[in-house]
Amino acid sequence: MRCLRYSLVSQAVLLLTALLVPASVGGISFESEKQVHISNLHRMDDDLIAWASNVTIDGLIEGDFIAGAWRVNVNGHIRGSENVVAENFRHTGKVDGGLRAFVKFCDIDGYVGRSALLAGSDVRVGKRAVIEREAYIIGETIHFDGIVKENIQIKGNNVFVSGMINGDALIKGTNINIVAPAVIKGSLTYESKNKAVIEIDSGVTVLGETTWKKPDPDEEYDDVTTFASIIVGFAKMLAAFLFGVILLMLFKKYALESVRQLRSRPAVVTATGLLSLVIFVVSVVILLISLVLLVVGVILIEGDDALAGVVILALSILMVPITSFITVSGGVLFYSGRVILALLIGYLLVKMLKPQAELLSRFQLLIGLVSLTLALSSPFAGLLLYLIVGVVGAGAIVLGIKYCRREFSEQPPAAPQDSDAARPGTG
């Protein structure tokens with residue numbers, strides 16, 4: 001099933017490309033608590049990028065459709081491609097291009113003009129669904145009842161197939177059920193510990209050869225891990241985006257100065273971040289020691305060494321809140337550093353297409369976070385990169401706070417206004 005895993009990575013890169021390429025956008029929404037609705041009377045001549053709680057498409061979109069939302073419903077017509085990241089996704093309309101969806105609950109019961117990539121916990125392809133090219137489906141529970149004109153690859157724990165497949169079918173899962181009136185015009189290859197349930201006597205048709213392969217123990221959960229990492233990565237991206245939006249709303253001046261410091265003084269920023277990391281680690285160690293001493297003090301104070309217990313208890317009670325504050329602040333600092341670095345990455349990427357791009361924007365934050373999510377998806381290099389991102393971003397925030405405060409402290413106090421001159425109609 002390696003080809004399916006590689007396809008997920010390549011399709012994720014295509015999703016990033018889809019976010020970067022559109023230069024003209026007919027409608028953009030980044031409001032996380034508002035509704036985006038394209039009614040059946042509306043026609044959009046360009047691409048649509050929507051970010052909201054609920055997105056509903058009943059009308060016509062001439063370009064591509066990209067959505068990040070809690071719930072997405074597509075009942076209209078999209079002439080380009082469709083890219084969705086959501087909790088709940090339902091497609092009953094028509095998309096002339098490809099369909100790529102990274103969601104938790106997925107329900108496809110419409111037309112797809114090219115290939116489809118569906119990754120979710122619960123994926124259902126209904127009887128009215130038609131996919132003109134290949135289909136790649138990965139999830140926990142999968143029901144395929146529709147039509148795919150070419151090959152299909154499925155990876156899931158519980159897989160149920162009753163639709164029509166005009167090409168070959170490659171299925172990997174724990175419980176595989178091929179039930180009537182399923183038709184597979186090519187060959188069927190399935191990989192599972194258990195023999196699949198194929199209801200030939202009830203009307204299932206497999207024109208090609210049927211092959212059963214038992215999984216390699218070393219790779220048995222490889223694709224599941226890939227799927228889980230993709231879903232968790234996008235969930236973290238959405239959380240970081242909302243956190244970044246709040247950060248920009250409350251501390252825009254500090255965020256702006258932090259990005260400027262990161263852009264103009266990367267070496268100093270990195271050194272500051274490393275120093276912050278050392279302080280954070282030392283604080284965590286001292287906190288753990290203080291918690292142990294707190295227990296030791298409670299034990300000693302009830303014995304013969306009561307005086308020593310009182311001293312140890314007083315010292316630990318003093319150190320626990322201080323180190324706890326530093327530890328929590330350090331955690332927030334390193335997490336916020338990812339947002340700062342994402343802002344700079346998004347700005348540099350957008351600037352290649354739009355030289356007059358602003359330094360801070362929510363759209364650039366989204367692009368930067370998508371880039372980091374893809375970069376951090378590597379199992380080994382991603383962990384090291386995650387540490388580097390946190391360190392560099394934390395250093396930028398420390399310098400940003402420092403220079404913002406210095407700027408505020410160096411500003412001369414405002415000259416007092418004459419009360420009579422300030423009063424209208426006087427002087």
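Side notes on the structure shown:
- Residue match in the stretch 289-298 (condition: touching a Lys or Arg at 6+ places or on another chain (Cβ under 8 Å) and within 30 Å of T272 (Cβ to Cβ)): no
- Answer residue from the stretch 201-229, given it is assigned to a loop (DSSP other than H, G, I, E, B), surrounded by 12 or more Cβ atoms within 10 Å (Cβ to Cβ) and at pLDDT 80 or above and is farthest from the chain's Cα centre (by Cα) among those: G203
- Qualifying positions in the stretch 116-146 - in a loop (DSSP other than H, G, I, E, B), surrounded by fewer than 22 Cβ atoms within 10 Å (Cβ to Cβ) and not acidic (D, E): G126, K127, R128, R133
- Candidate set: the stretch 259-279, residues that are crowded, with 16+ Cβ neighbours inside 10 Å and of a type in the set (G, A, S); chosen: the one nearest to the chain's Cα centre (by Cα): G273
- Checked against the criterion of being of a type outside the set (D, E), at pLDDT below 90 and more than 26 Å from the chain's Cα centre (by Cα), the stretch 44-57 contains one or more residues that satisfy it.
- For I397, the stated conditions do not hold, so it cannot be described as over 17 Å from A240 (Cα atoms), modelled with pLDDT of 80 or more, of a type in the set (V, I, T) and outside any loop (DSSP other than H, G, I, E, B).
- The set of residues in the stretch 101-115 being in a strand (DSSP E or B) and either out of contact with any helix residue (DSSP H, G or I) (no Cβ under 8 Å at 6 or more places or on another chain) or of a type in the set (S, T, N, Q) (or both) consists of A101, V103, F105, C106, D107, I108, Y111, V112.
- Among (1) surrounded by 16 or more Cβ atoms within 10 Å (Cβ to Cβ); (2) part of a strand (DSSP E or B), the one test that G80 misses: (2)
The values are calculated or read from the model by the stated rules, or taken from the named source; none is laboratory data. Keep in mind the model is a prediction, meaning the values are calculated, not measured. Neighbour counts are summed over all protein chains in view; Cβ atoms, including those assigned to glycine, are modelled from backbone coordinates with ideal geometry.
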